[in-house]
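A quick write-up on the structure given underneath.
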Amino acid sequence: MFRIRRLFDTRLASDQLVMEQVQEILRQQFSALSEKDINKLPHQLDNPLKHGFRAIMYVAEGSRGGVKGFALLLREPELGFDYLDYISAASNMTGRGVGGALYERLRADASSWNSRGIFFECLPDDPALCKTPKHRAQNRARLKFYEQYGALPIAGTAYETPVKPGDDSPPYLVYDPLGSKQPLSQSEARSIVRTILERKYRQHCPPDYVNMVVESFVDDPVRLRPARYLSPDQFKPPHNGTLAEDQQILLAINDQHDIHHIRERGYVEAPVRIRSIMRQLQGTGMFREVKVQRFPEKLLKRIHDPGFISYLKAVCLNLPSGKAVYPYVFPIRNQGRPPVDRAIRAGYYCIDTFTPLTANAYPATRRAVDCALTAAGSLLSKQRLAYALVRPPGHHAERKAYGGFCYFNSTAMAAELLSEHGRVAILDIDYHHGNGTQDIFYQRDDVLTLSIHGHPRFAYPYFNGFDDELGEGPGLGYNQNYPLAEDLDGPGYRKILSLALQRIKKFKPHFLVIALGLDTAKGDPTGTWSLTGEDFFANGKLLGELHLPTLVVQEGGYDSRALGNNARHFFKGLWVGTYLE
């Protein structure tokens, strides 16, 4: 058994090991390749648009690890076609379906991003071009394999002309239209062939040769060689459009969020928020829901004060159902002597007067942390995008304080888990400053914290979020706030978002955690900005183009009429930026 996934880069040590195994397959199966060509493979992934192609690698991995095969696809974004550079099973896995599974996966992906087709070279089965019978038999087997997908050599051109006269086995150019009935026009073919020869084979094909081959494409539309080994009714059907599992966004939902329900007029942090988002995400085909794991409470103590945790747990679990405790005494003059009565002591730990403690606040927020940790853990298991759809939110919860509807900081907890495996960048795009996340990581340099929010002179939490808050000690320079004006539209927002993205790129993180607030939308009752669904798509796309393993944790957003639509637009943009750009 094996699974297939995309290998985006080699930032993580585990992926470096995978790349080493891929390189070994190249040595074994492509003996003509030089070590220089083999060693440049990691750089192709780290610089995916080098030479005008985006390098996309797929690896087939066994259930116990180990690379069983790989494929390297080169995507040309402007002309919208794909070129299959390499596909191979490991030497001990040939004939076991690895090559077929790899090819079907990359076909599925190419279909999902509306590729014009997949092009690749295949050695000839014609005796006039390949003189060795043994080699011709091997070439026939390969061409027969591709025929089942409707991939056929392009006929009537000079593509098979050797660069050096007399060379044996010049390749065919094979075209897989991915089930499309639209013929390939002469002009399209000429542009595509020129791109392949000038970019992929620029060191081997002189300009005169390139021009000769390109001009030999005279048929309009281009002719494909008739199938020789299979009849059309034996061709595999086109892909059905379902996303591969590793390209879906892993979804962890707080299945206990609705036990925390403050039934008071004007309390906007309500269960309808999650339902509104889910109604729009269902049916998109982009998400794969997973069961939420339970994590020990001791993990919370890595980011929250043990006394604070004990207090929340004790006061919540001892409150009668239906009773809510609101802080009304704030012992700032003598913090060394907190009130004895638990209800009165709420002000010792709370930063505002509108975040109540209830019997269900603790279990609901603990489950939110479990969701965030479940989703974060998936990034360590090679998942690329994950979404923790949680409430209560968490980014206002500081190390020793709760407030702003937040009790425990799910975003910070997820980042803390990921920080064991590499540098983490947290980008808070809620309308309100992520004061809790800033507080927790303010003295650390392994976690970069950035927040784009309404200026604290008019926006909650009012006392934090200024642009001169840059971190302390080792963390100096690793906290950046972008407090913005009261009136802001989508284009204005993206100017600041672009600055934040440049800071993230400079930090070179291994993981990105996004604290997603949808309260930046037009009409949100807690915000003043005017972002639309199209703006959320554009913002998500920019974030996806960072090409980082990315966890999104739900924070604010309180207009239930627009929440779902804006979330759907954001995740569609994030997916497009991650996989198509």
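The values are calculated or read from the model by the stated rules, or taken from the named source; none is laboratory data. Note that the coordinates shown come from a computational prediction; the quantities given were computed from them, not determined experimentally. All Cβ positions, glycine included, derive from the backbone under ideal geometry; neighbour counts span all protein chains shown.
Values for this structure:
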item	result
Long-range neighbours under 6 Å by Cβ, at least six apart or interchain, first residue in contact (Cβ under 8 Å) with a residue 12 or more places away in the chain within the range 417-428, second of a type in the set (S, T, N, Q)	ILE426/THR437; ILE426/THR449; ASP428/SER451
Within the range 505-523, considering residues that are out of contact with any Phe, Trp or Tyr (no Cβ under 6 Å at 6 or more places or on another chain), farther than 16 Å from LEU574 by Cα and not small (Gly, Ala, Ser), the one surrounded by the most Cβ atoms within 10 Å (Cβ to Cβ)	PRO509
Residue match in the range 425-436 (condition: over 27 Å from the mean Cα position of the chain (by Cα), assigned by TED's automatic domain parsing to the domain that holds GLU555 and either surrounded by fewer than 24 Cβ atoms within 10 Å (Cβ to Cβ) or closer than 25 Å to ALA372 by Cα (or both))	no
Count of the range 482-497 residues which are under 16 Å from PHE537 (Cα atoms) and assigned to a loop (DSSP other than H, G, I, E, B)	1
Residue match in the range 464-479 (condition: in contact with a Gly (Cβ under 6 Å, 6 or more places away or on another chain), under 24 Å from TYR387 (Cα atoms) and crowded, with 20+ Cβ neighbours inside 10 Å)	yes
Complete set of residues in the range 540-581 that are polar (S, T, N, Q) and either over 10 Å from the mean Cα position of the chain (by Cα) or more than 18 Å from TRP113 (Cβ to Cβ) (or both)	THR550, GLN554, SER560, ASN565, ASN566
The range 152-173 - residue that is in contact with a helix residue (DSSP H, G or I) (Cβ under 9 Å, 6 or more places away or on another chain) and of a type in the set (Gly, Ala, Ser) and, of those, modelled with the lowest pLDDT	SER169
Neighbours by Cβ (under 6 Å, 6+ apart or cross-chain): first from the range 158-171, without any contact (Cβ under 8 Å) to a residue 24 or more places away in the chain; second surrounded by 13 or more Cβ atoms within 10 Å (Cβ to Cβ)	PRO162/PRO170
Boolean, ARG228 is assigned to a loop (DSSP other than H, G, I, E, B), of a type in the set (D, E, K, R), touching a residue at least 40 places away in the same chain (Cβ under 8 Å) and more than 30 Å from THR578 (Cβ to Cβ)	yes
When residues of the range 546-556 are limited to those that are in contact with a Ser or Thr (Cβ under 8 Å, 6 or more places away or on another chain) and assigned to a loop (DSSP other than H, G, I, E, B), the one nearest to HIS395 (Cα to Cα)	GLU555
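The rows are residues; the columns are (1) more than 20 Å from ALA71 (Cβ to Cβ); (2) outside the structural domain of PRO77 (by TED's automatic domain parsing); (3) polar (S, T, N, Q).
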| position | (1), (2), (3) |
| --- | --- |
| PHE120 | no, no, no |
| PRO124 | yes, no, no |
| LEU143 | no, no, no |
| ASP167 | yes, no, no |
| SER185 | yes, no, yes |
| TYR201 | no, no, no |
